[in-house]
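Colleague: The structure that follows is given in the form of structure tokens.
The values are calculated or read from the model by the stated rules, or taken from the named source; none is laboratory data. From a predicted model like this one, the values you see are computed outputs, not experimental measurements. Using ideal geometry, Cβ is built from the backbone for each residue, glycine included, and neighbour counts are taken over all protein chains shown.
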Amino acid sequence: MADKELLELLRSIDISLQQIASSKSNGLTTAFVSRKSLAQRLGVPTVAIDRLVHQGVVSNGTSGLVEGRHYCKLNPSDNSTNAFLYDAAKVLQDAWSNFKDYEQKEPAN
């Protein structure tokens, strides 16, 4: 297994363990991840995370990723999303909450 594949696998396991820990601690954040790790977990390019952060800023926190809930800045004056730390459990929880009643919906024929 190549080093890159191994790192991706370890990041995925790490985020999965964080989600389990978060679910057992009533949603209390236990760890944060990098933008790259979050993007890999979601299966999107890192630029998609940048777009979600921008959406959160322009929507005043009504959509997208919101500072203080989905991510935090290490340095308040640094606006580089690459330097932010993300709460993967909150991001994934809120993403699923957008699909309300998805289990009750009838499949399209």
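Colleague: Return a yes/no flag: does the range 43-53 have any residue that is in a loop (DSSP other than H, G, I, E, B), of a type in the set (G, A, S) and either modelled with pLDDT under 85 or surrounded by 11 or more Cβ atoms within 10 Å (Cβ to Cβ) (or both).
Modeller: yes
Colleague: Which count do you get for residues in the range 54-87 that are aliphatic (A, V, I, L, M), outside any helix (DSSP H, G or I) and either closer than 20 Å to S97 by Cα or free of Cβ contacts under 8 Å to residues at least 40 places away in the same chain (or both)?
Modeller: The qualifying residues number 3.
Colleague: L38 fails exactly one of the following numbered conditions: (1) at pLDDT 65 or above; (2) out of contact with any strand residue (DSSP E or B) (no Cβ under 7 Å at 6 or more places or on another chain); (3) surrounded by 11 or more Cβ atoms within 10 Å (Cβ to Cβ). What is the number of that condition?
Modeller: The single condition L38 does not satisfy is (2).
Colleague: Moving on. What number of residues in the range 38-82 are of a type in the set (G, A, S), in contact with a Leu (Cβ under 8 Å, 6 or more places away or on another chain) and within 19 Å of E8 (Cα to Cα)?
Modeller: Within the range 38-82, residues that are of a type in the set (G, A, S), in contact with a Leu (Cβ under 8 Å, 6 or more places away or on another chain) and within 19 Å of E8 (Cα to Cα) number 1.
Colleague: Still on this structure: Which of the residues that make up the range 54-92 are surrounded by 11 or more Cβ atoms within 10 Å (Cβ to Cβ), touching a helix residue (DSSP H, G or I) at 6+ places or on another chain (Cβ under 8 Å) and of a type in the set (S, T, N, Q)?
Modeller: S63, T81, N82
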